[in-house]
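Structure first, commentary second.
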Amino acid sequence: MRITRGIITAALVVGTIALGSTPAHAIPPPPPGGDNLVVTSYYSGTQLVGQRWSGCNQPSGQWGVVTTSTKVSFVAC
């Protein structure tokens, strides 16, 4: 019984370490159908400090600080 419990505990620890090493900020897939404007918003805490955008057959652009934590949004054209 103790050996089984030790094996299960070891497996849980290894699984937790493996899952903990995955990227924290995965970019979600765009919604289906049509062209989308992809807007990446950059935040310092809760304050918006910059944005980068592309899509909708328009020139790409950006403003502000684009090196902090991000949130990706998809907007229909």
Enumerate the amide H contacts of Cys56 below 5 Å, restricted to partners 5 or more residues apart or on another chain; note that Pro and chain-start residues carry no placed amide H. Asn36
Can you list the residues, at least 5 places off or on another chain, whose amide H is less than 5 Å from the amide H of Val65, using H built in the peptide plane? Gly50
What list of ³J(HN,Hα) values in whole Hz, one per residue of segment 59-70 in order, does the Karplus curve 6.51 cos²θ - 1.76 cosθ + 1.60 (θ = phi - 60°) give from phi, with Gly and Pro shown as x? x, 6, x, 7, 8, x, 8, 10, 10, 9, 5, 10
Taking amide hydrogens as modeled 1.01 Å from N in the peptide plane, which residues meet the under 5 Å criterion relative to Ser44, leaving out close sequence neighbours? Val49
Between Gln58 and Thr70, what is the spin-label point distance in nm, taking each point 7 Å from the Cα along the Cα→C-beta axis? 1.9
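The numbers here are math on the coordinates, done by the rules we state, and not lab data. Keep in mind it's a predicted model, so treat the numbers as computed, not measured. FYI the Cβ positions are ideal-geometry reconstructions off the backbone, even for glycines, and counts take in every protein chain you see.
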